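The values are calculated or read from the model by the stated rules, or taken from the named source; none is laboratory data. Values in this document were obtained by computation on a predicted structure and should not be read as measured data. Because the Cβ atoms are built from the backbone with ideal geometry, glycine has one as well, and the counts that use them run over all protein chains shown. Only protein heavy atoms, including side chains, enter the accessible area calculation; ligands, DNA and RNA are left aside. Shrake-Rupley method; radii C 1.70, N 1.55, O 1.52, S 1.80 Å.
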Amino acid sequence: MKSLNFKRISGNFAAVFLLSFSFLFFAGGKDVLSQQIPTPESHFGFTPGDDRELFNYRDLIDYLKKVADISPMMHMEEAGVSEFGQPVYVAFVSSAENISRLEELKNINRELATNGELTPSERKEFIDRGRVFFLFTLSMHSTEVGPSQSAPLITYELITSEDPEIAKILDEAVYMFVPCHNPDGMDMIVENYHSYRDTQYEGASLPGVYHKYVGHNINRDFVTLTQSENQAVARIYSTEWYPQIMVEKHQMGSTGPRYFVSPPHDPVAENIQPGIWNWMRVFGSRALTDMTEAGLTGIAVNYHFDSYWPGATYTALWKGVVSMLSEAASVATATPIYVEPGELTVSGKGLAEYDISINMPAPWPGGWWHLSDIIEYERENTISYLRTAALHREEILRFRNDHTRREIERGREEAPHYFIMPARQHDRSEKARLVNLLNKHGVTVHELTAEVHLENRRFSPGDIVISLAQPYRAFIKEVMEAQKFPVRHYTRDGDMIRPYDITSWSLPLHNGVEAVEINTLHGITPQMLRVVDMPYTITETRPSEYRAVLFPATNNESYKAAFRALGMGLDVKRLSSPLNVKGEMYGKGSFYIEYHRRLENVLEGLLVSPVYITEAMNPPASELKMPRIGLVESWFHDMDAGWTRYVFDTYHIPYTVLRPVDIKDADIQGKFDVIVLPDQRTPAIMGTTISRYPPPFNEGMEREGKENLVSFIHHGGVVLSWARSTELFLGDLSFERDGEKENFRFPVRNIAGNLSNRGFDITGSLLKVNLRKDHPVTLGMPPETGVFHRGNPIFATSLPQFDIDRRVIASFPEDGALMSGFAKNEDLLSRQAALVWLKKGDGQLLLYSFSPLFRASTGGTYKLLFNGLLLGQEL
């Protein structure tokens, strides 16, 4: 049988061919084709779900391609690539007629999702001819193997089934799925499982992260879209296929409910229309009923998970997609587990006891739990969801266009009406990056073509305007405004319902970009606006001849250019005092690079043009050298270290990954200038924790490594440490100096516990800090900025002794520290230290109480990291 891959057939011939094939299919050829479709068991050599058996990503895709090549009921296409370069696919299963009409149906989806001006007759025709597209994204968390392992069985059943109900479902709906959201991680986990199978370490955790960079945090990236897999999935629902419904499929802990379906628990996002939540309840209630009727127990709703924070795949909620989450109880990767009844428990959010409840009407009694159980739950859940989608096809399609109309109307009738980003920004490169990010999200971006006065402020041509009268109004408002957490309680005056994740994600505030909220509708006319060309750049014509370029220290992108130039062997200098160029002052720390033909490669792809120097100049500057950087990353799924690697790679910063044990054994003094310790638990660094990792991955730096690190500082090295890893440097320290043991303490301590006892509480929020002026760490920074903070540590300093000194580089203001998110009793932070510089002997230590690059989402504090890497180089 020749391939029916739609991508290989073009033009009108494709439509005629597929329609003809569909006729033959309906005329009785389905039985013949079904017999030609390989069973999953025949392809893999086992039935997916069998105990202790897993297939990898290539095997999965090979099977699905075989089915798509044979059956006119299936189509596959590439949606993007993974961070390691593997293709990410999206697959479609439906009736042969629907598959033959995919392009038409795609266009219908787009019109219903984006066009608020459809005439009644156009709308009726689109609804009549349209089909519900239900997107399933599978196993983005690679240890959660069940969803991807179930895909072949579900696909085979849908395509070969003789059940008339299945046929009816596929007439009305399109099962659209990403077979594996994280291909690289899937291969890592499968290989790791197979390598320890039949040993005492069977089911052991994968050492490191199951992704090139971010591991579990791949599901924390759907606002900033830094990872290529997430960009692919976001394109599917934001700008290409516009499905009406989606679910991201996960697994959870092993000792609670067996399965979670929507709706979620409070808190929920307040910018989302109530109809979205109501449709969630329709799908979830039906799934709970269908799965229970099928004899499955332990299914919970309104439990543990919330839909307050955007950042997961279900960020599609803010774009008019009814977006849900499912979670199955896990096994030991593919090894079955036995759960004693007394071990079953719940978290208390939606379920206070593991017992019969309206949110879990049929508890699972305990016993053996297999991968095949997970797959059966996934199968029943998938069929139920598709059945509900098919049953309500017309209503769902109508709702999608109604939602679009209402969002556009709300943008016209409800404030805010616009966000305006002035051309003049402290960091112009972050503004340009934000504009391009909004475009990736499907947001229309304009710029002013004329001057306008609004709310006592003048805006100029070239200023960026984001109108909220758009289909994605909820998303625009959510990510552009400061967050105010909706405090909800379990009972009146009872405990606050805590959020599942963080409470701040404002793109302008996190990235140091001024975005002015405009609550006045009138004043900007359509004639004043021009759609911005993408990609958006802030560039000027490059002169035919120039002697040098100057990159302002205020722009993050200037550091990228400087590091890239150093990596190419170019001479880079850093201003030791401000420089006047053509009447503009450029601050200390800006980068000066004389012309070289390879400089053209540095300039390629920049969002902001440098300052071109056309006259001879000898600026006050010092030569910059590339620091030799050691980045400490433990084996314990060290996500923050992975994010650090991502940022370093993005900014062309070379580094060597050090495992904690390497610090005990390596000659770090002779090999490195800077050691970076991202956010990680101290026991994981020291090697004093009990884990699910086999030896030698449990080893840490131990006492010898810690002393080696302290000695590294004393003898001239620079160490950067943030968040939990700072605990290494608090309290008693020692190292060998001139053959004798020296004991000392840095004059800094963590007072977070004391503040918590006094009522301070924070849940991942943006806090304002004041910065020390003209310090090497704050070059290019404004006088104050926002830092993303988890509430621990908080520093207090004291008087130093002997060869130790300290300076508070960032401190909280006397009042008004909260910029976005949630904080209780924030006044307790008044004037406390957030970032401390310490000197010991010839070396330096920077202790950040916050992550300067939290999930690659806080561009506003990147320079505090980049400048730290360059400490020790004179200006």
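For the reader, a short list of remarks on this structure follows.
- Accessible surface of the chain, 1.4 Å probe: 47 percent of it comes from carbon and sulfur atoms.
- Net charge dipole size for the chain [Lys, Arg +1 and Asp, Glu -1 on Cβ; Debye, nearest 20]: 2060 debye
- The alpha-carbon of residue 560 sits under 26 angstrom from the alpha-carbons of these lysines, leaving out residues fewer than 8 places away in its chain: 212, 431, 440, 573, 582, 588, 625, 671, 768, 773, 863.
- Degrees separating the helix 57-70 axis from the principal Cα axis of the chain, which is the longest one: 30 degrees
- Normalised contact order of segment 203-304, rounded percent, pairs of Cα under 8 Å and 6 or more residues apart: 25 percent
- For segment 748-859, the equivalent ellipsoid built from the Cα gyration tensor has semi-axes of 23, 17, 12 Å, listed from largest to smallest.
- Rounded to 5, the percent of DSSP beta bridges in the chain classed as antiparallel: 65 percent
- Accessible area per residue in Å² at 1.4 Å probe, computed on the chain: 39 Å²
- The residue list 566, 779, 632 was ranked by how far each Cα lies along the charge dipole of the chain toward its positive end, using unit charges on Cβ atoms, and 779 comes out on top.
- Across the chain, the relative contact order, built from alpha-carbon pairs under 8 Å that are at least six residues apart, equals 10 percent.
- Partner aspartates and glutamates whose Cα lies under 12 Å from the Cα of residue 319, excluding those fewer than 8 positions away in the same chain, are identified as 407, 478.
- Helix 120-129 axis, angle to the chain major axis (alpha carbon atoms, nearest 10°): 70 degrees
- Amide hydrogen proximity for residue 484: with H placed 1.01 Å from N in the peptide plane, the residues at 5 or more positions away or on another chain lying under 5 Å are 821.
- Annotation: peptides 818-824, 99-105, 259-265, 482-488, ranked by per-residue average of other Cβ atoms within 10 Å with the highest first, follow the order 259-265, 818-824, 99-105, 482-488.
- In Å, descending, principal axis extents of the Cα set of segment 513-642: 55, 54, 27
- Principal-axis analysis of the Cα atoms of the chain puts helix 428-440 at an angle of about 0° to the longest axis.
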